[in-house]
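The values are calculated or read from the model by the stated rules, or taken from the named source; none is laboratory data. Predicted model, so just to flag it, every value in this text is computed and none were measured. As a convention, Cβ positions derive from the backbone with ideal geometry for all residues, glycine included, and neighbour counts pool all protein chains shown.
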Amino acid sequence: MVQEARQNATTIRMLMNSPNVFCAVLLLAVFSIPHCAAGEEIPVHHIEGTSLGFLILRDEDGTPIAYGDLQQVVTKNYVMDDMKLKFNDGSFYQEITKFTQHRVLHVISNHLVQRGPSFKQQVDALIDTASGNVTMSSIDEKGKQKKVTKHLDLPPDLANGLLMTIAKNLDPSAPSTTVSMVAGSSSLQIVKVKYSPQPEAIFHVGPVSYKAQHYRLKIEITGVKGKVAPLIGKEPKDIDMWLAKSESPSFLKFRGQMYEDGPIWEMELAAPRDGTPQEKEK
């Protein structure tokens, strides 16, 4: 048993030294979860449309560290989400997800790029559900390059790039909802993410208050790996998401890690201002 625990601890450390592909706004540290039950396909209750939203990313002290936007385009065959963030230190993050919304949400492809000093590893990752192929290229802090391609039996409830879209379509009265994600690099695999509704929150714009639905997303770790992870300080942290409660649920805020062992960042909607950034500095 001791030897098995040591082997699993080594496996977890290897996984945690590599980036993991996640959603519309994030990357998480995750572990392999053996013999997981099938997740749930998410029925479409709110049709996505063409839109453009502006974003601001802050550190734990509330200091703005990146700005960007989320553009959504609807075509005849699919919906495309394109989220971009430009960091003050020159770093760049982009995630493009193509999906369909015919009765249930279904990912077609997910392409993630992250580079610059704000990230421990430079990443270019692509998931193609038609072929089942997942390709990830990365460069670590020491400059070591790695490229991994693996064929996976991708489940129909795959959620890469759709974490917020899924939240919009959940039944908040359900105690929990579980979906699947692709994670890892040298050991690409399917893991599970569990949504749990939290107590209602309140947001405001000026003097006007709005009710918000709060979800907590947890990476579930089972078996020996789940027992070893907290002992070596590698248990993934939860993600929190808030969206406006209405007939048209809308993104309000995200809080969580965007890469393995990374800091907690907060993402919110931003309002554009007149003029150029250069004019503001004058």
Do you know which of the residues in the stretch 117-140 that are under 16 Å from the mean Cα position of the chain (by Cα) and of a type in the set (V, I, T) is surrounded by the most Cβ atoms within 10 Å (Cβ to Cβ)? I127
Among (1) at pLDDT below 95; (2) crowded, with 19+ Cβ neighbours inside 10 Å; (3) under 25 Å from R216 (Cβ atoms), where does F99 come up short? (1)
Looking only at residues that are part of a loop (DSSP other than H, G, I, E, B), in contact with a strand residue (DSSP E or B) (Cβ under 7 Å, 6 or more places away or on another chain) and polar (S, T, N, Q) in the stretch 120-175, which one is farthest from Q213 (Cα to Cα)? Q121
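For the condition of a type in the set (K, R) and free of Cβ contacts under 8 Å to residues at least 24 places away in the same chain, what is the one hit in K142, K194?
Working: K194 fails: free of Cβ contacts under 8 Å to residues at least 24 places away in the same chain.
Checking each option against the conditions leaves just K142.
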Would you pick out the residues in the stretch 35-47 that are surrounded by 14 or more Cβ atoms within 10 Å (Cβ to Cβ) and of a type in the set (G, A, S)? G39
For V73, are the conditions met, namely being within 16 Å of the chain's Cα centre (by Cα), touching a residue at least 12 places away in the same chain (Cβ under 8 Å) and not in a loop (DSSP other than H, G, I, E, B)? no
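Per-residue answers, yes or no, for (1) at pLDDT below 95; (2) touching a Ser or Thr at 6+ places or on another chain (Cβ under 7 Å); (3) closer than 24 Å to G256 by Cβ; (4) not charged (D, E, K, R):
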site	(1), (2), (3), (4)
V44	no, no, no, yes
L52	no, no, yes, yes
R58	no, no, yes, no
A66	no, no, yes, yes
L70	no, no, yes, yes
Y78	no, yes, no, yes
D82	no, no, yes, no
What pairs come out if I take residues in the stretch 152-176 that are over 15 Å from E200 (Cα atoms) and pair them with residues that are acidic (D, E) whose C-beta lies under 7 Å away, six or more apart or interchain? P156/E41; D157/E40; D157/E41; G161/D81; G161/E95; T165/E48
Restricting attention to the stretch 98-111, report how many residues are within 17 Å of the chain's Cα centre (by Cα), farther than 19 Å from T149 by Cα and part of a strand (DSSP E or B). 3
From the list Q94, Q114, which residue is buried (at least 21 other Cβ atoms within 10 Å of the Cβ), of a type outside the set (K, R) and assigned to a strand (DSSP E or B)? Q114
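Filter the stretch 48-77 for residues that are of a type outside the set (D, E) and surrounded by fewer than 10 Cβ atoms within 10 Å (Cβ to Cβ) and give the result.
Start the filter on the stretch 48-77 by keeping residues that are of a type outside the set (D, E), which leaves 49-58, 62-68, 70-77.
G62, T63, T75, K76, N77 - these are the residues of the stretch 48-77 that are of a type outside the set (D, E) and surrounded by fewer than 10 Cβ atoms within 10 Å (Cβ to Cβ).
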Check R58, R103 and return the single one that is farther than 21 Å from I239 by Cβ and touching a residue at least 40 places away in the same chain (Cβ under 8 Å). R103
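If you go through the stretch 81-91 one residue at a time, how many are more than 18 Å from A271 (Cβ to Cβ) and buried (at least 16 other Cβ atoms within 10 Å of the Cβ)? Full working, then the answer.
Filtering the stretch 81-91 for residues more than 18 Å from A271 (Cβ to Cβ) gives 81-82, 87-91.
Now narrow it down to the ones that are buried (at least 16 other Cβ atoms within 10 Å of the Cβ): 81-82, 87, 91.
Residues in the stretch 81-91 being more than 18 Å from A271 (Cβ to Cβ) and buried (at least 16 other Cβ atoms within 10 Å of the Cβ): 4 in total.
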For residues that are in contact with a Gly (Cβ under 7 Å, 6 or more places away or on another chain) and closer than 17 Å to K98 by Cβ, scanning just the stretch 141-185, find the one that is surrounded by the fewest Cβ atoms within 10 Å (Cβ to Cβ). L154
